[in-house]
Amino acid sequence: MTAHWLSLRPPLSGQTIPMADVPDLAFSEGAMGEGVAIVPAEGVVRAPVAGQVVVLFPTGHAVALQSPEGVEVLIHVGIDSAGAPGVFTPVVAQGDEVQAGDLLVRFDLEKLRRTARSVVAPVVITGLPEGLKLEFPPTGETVTAGVGSLLHVVR
């Protein structure tokens, strides 16, 4: 039996889908890293882990965190969403320390539906300490932002 070393909470509420179903090759073919995607049901992004905000795109459509354990996670809300004006409102800044479940970004889901190619939000592990791997629960599940676990880092 594998021990969970670190569990990541869902950063958004909605339904999980396999990364292979994300309508963007950089995500679906794994070029950005492994992960799972969420079809959002509301316009809130929460921290999946405690850590530091290491990247916050000026548009607010993507944010990356690094946990104290060295796990790096990118949350990218929407596909072709960077140019969607007035959709995203970050509530954190690059360099901020956050706790798991803290609010990171608010967004207008209806406006995102009208302006982006897709509202799907990939959650990608972009950095993982050596000797650790990811464990994914089944997709097709409904998750709630900040509650439960989306995926696990295991030894």
Scan of segment 117-145 for residues that are without any contact (Cβ under 8 Å) to a residue 40 or more places away in the chain and either crowded, with 16+ Cβ neighbours inside 10 Å or among the basic types (Lys, Arg) (or both), ordered by number: LYS133
Of these, VAL49, VAL44, which one is more than 19 Å from LEU134 (Cα to Cα), of a type outside the set (Ser, Thr, Tyr) and at pLDDT 95 or above? VAL44
Would you point out the residue of segment 1-28, among those that are closer than 25 Å to LEU132 by Cβ and part of a loop (DSSP other than H, G, I, E, B), that is modelled with the lowest pLDDT? MET1
In segment 14-33, how many residues are within 14 Å of THR139 (Cα to Cα) and either touching a Leu at 6+ places or on another chain (Cβ under 8 Å) or surrounded by 19 or more Cβ atoms within 10 Å (Cβ to Cβ) (or both)? 4
Consider ARG114 against the criteria (1) surrounded by fewer than 16 Cβ atoms within 10 Å (Cβ to Cβ); (2) more than 17 Å from the chain's Cα centre (by Cα); (3) touching a residue at least 12 places away in the same chain (Cβ under 8 Å): it satisfies all of them except one. Which criterion is unmet? (3)
Looking for something surrounded by 19 or more Cβ atoms within 10 Å (Cβ to Cβ), in contact with a Pro (Cβ under 7 Å, 6 or more places away or on another chain) and within 23 Å of PRO23 (Cβ to Cβ) - is there at least one such residue anywhere in segment 88-99? no
For the structure I just gave you, tell me whether VAL54 is among the hydrophobic types (A, V, I, L, M, F, W, C), part of a loop (DSSP other than H, G, I, E, B) and touching a residue at least 12 places away in the same chain (Cβ under 8 Å). no
Residues that are basic (Lys, Arg), part of a loop (DSSP other than H, G, I, E, B) and closer than 18 Å to GLU69 by Cβ, drawn from segment 117-155: ARG155
Among the residues of segment 100-111, is there at least one that is at pLDDT 95 or above, out of contact with any strand residue (DSSP E or B) (no Cβ under 9 Å at 6 or more places or on another chain) and surrounded by fewer than 14 Cβ atoms within 10 Å (Cβ to Cβ)? yes
What do you reckon, is ALA31 more than 13 Å from the chain's Cα centre (by Cα) and either in a loop (DSSP other than H, G, I, E, B) or under 14 Å from ASP108 (Cα atoms) (or both)? yes
In segment 52-87, what count of residues is obtained for those that are within 17 Å of LEU6 (Cβ to Cβ), out of contact with any Ser or Thr (no Cβ under 6 Å at 6 or more places or on another chain) and open to solvent by 30 Å² or more (accessible area, probe 1.4 Å)? 5
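The values are calculated or read from the model by the stated rules, or taken from the named source; none is laboratory data. The shown structure was predicted, so the numbers you read here are calculated from the model rather than taken from an experiment. As a convention, Cβ positions derive from the backbone with ideal geometry for all residues, glycine included, and neighbour counts pool all protein chains shown. The accessibility values were calculated without ligands, DNA or RNA, using every heavy atom of the protein model including side chains. Shrake-Rupley method; radii C 1.70, N 1.55, O 1.52, S 1.80 Å.
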